[in-house]
Amino acid sequence: DTSVDLEKENIFIITNSELTLNSVIDIIRQKAIKRKLSLKIFDYDDIEAVSGNKVKQTITLKKGLNQEIAKKISKNIRDEIKKINVSINGETLRVASKSKNDLQLVIKLLDRFEESYKIPLQANNYR
C-alpha cells in the first residue's frame, strides 16, 4: 500500500517499509532520466516514521536559481571572460557576447559550476 502525491514543488511518498520506499525513489529517478532531467533537482528530506509502521519521505523539487547563487555564478563568469554581458532575469541568467567562442566557453564553465554549486544548470541558445 504505497501512495505518491505530487504538489507544486514537493513529492510525498508514504509506504509500508524503507525497501519499498527505495524502490519508488528508484522508479522516480528512472523516469527523470528518461525525460533528460538532472537528478540534482531532487532534494531528499529525512525519512519519517508515520502512524503504524509506515514511513514517509518528502522530496523537494528544485527549480530555477535563487538570487544569491545567480550573483555568484554571474561574478564568476565575468571574472573568467572579460568581454561578456551577464544579466539576472528572475530565476535565469542571460549571457550575451559578440563572440561565439566566448559563449561556448561559458557553456563549458556551466559544467564546472554545476559540480561546485551542486545544482542543475542548463544552457539554452536563443539564436
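Can you tell me which residue in region 96-119 is most open to solvent (accessible area, probe 1.4 Å), limited to those that are assigned to a loop (DSSP other than H, G, I, E, B) and modelled with pLDDT under 85?
Per the criteria, the residue is Lys118.
One residue is enough: does region 52-63 have a residue meeting the conditions hydrophobic (A, V, I, L, M, F, W, C) and loosely packed, with under 11 Cβ neighbours inside 10 Å?
Scanning region 52-63, I find no residue that is hydrophobic (A, V, I, L, M, F, W, C) and loosely packed, with under 11 Cβ neighbours inside 10 Å, so the answer is no.
Just give me the residues in region 23-55 being polar (S, T, N, Q) and under 26 Å from Tyr117 (Cα atoms), in sequence order.
Answer for region 23-55, where residues must be polar (S, T, N, Q) and under 26 Å from Tyr117 (Cα atoms): Gln30, Ser38.
Scan Asn124, Asn66, Asn76, Asn89 and give me the residue that is closer than 26 Å to Glu9 by Cα, open to solvent by less than 80 Å² (accessible area, probe 1.4 Å) and of a type outside the set (Phe, Trp, Tyr).
Asn89
Out of everything in region 33-51 that is β-branched (Val, Ile, Thr) and assigned to a loop (DSSP other than H, G, I, E, B), what residue ends up being least open to solvent (accessible area, probe 1.4 Å)?
Val50
Taking only pairs six or more apart or across chains, which ones have beta-carbon atoms under 8 Å, a first residue in region 27-40 that is more than 17 Å from Gln122 (Cβ to Cβ), and a second residue that is surrounded by 14 or more Cβ atoms within 10 Å (Cβ to Cβ) and of a type in the set (Phe, Trp, Tyr)?
Ile28/Phe42; Arg29/Phe42
Only residues that are of a type in the set (D, E, K, R), closer than 28 Å to Asp43 by Cα and not in a strand (DSSP E or B): list them for region 62-95, please.
Lys62, Lys63, Glu68, Lys71, Lys72, Lys75, Glu91
The values are calculated or read from the model by the stated rules, or taken from the named source; none is laboratory data. Here the structure is a predicted model, which is why all the values come from computation and not from measurement. Don't worry about glycine lacking a Cβ; one is built from the backbone with ideal geometry, like all the others, and counts go over all protein chains shown. Surface accessibility is based on the protein's heavy atoms, side chains included, excluding ligands, DNA and RNA. Shrake-Rupley method; radii C 1.70, N 1.55, O 1.52, S 1.80 Å.
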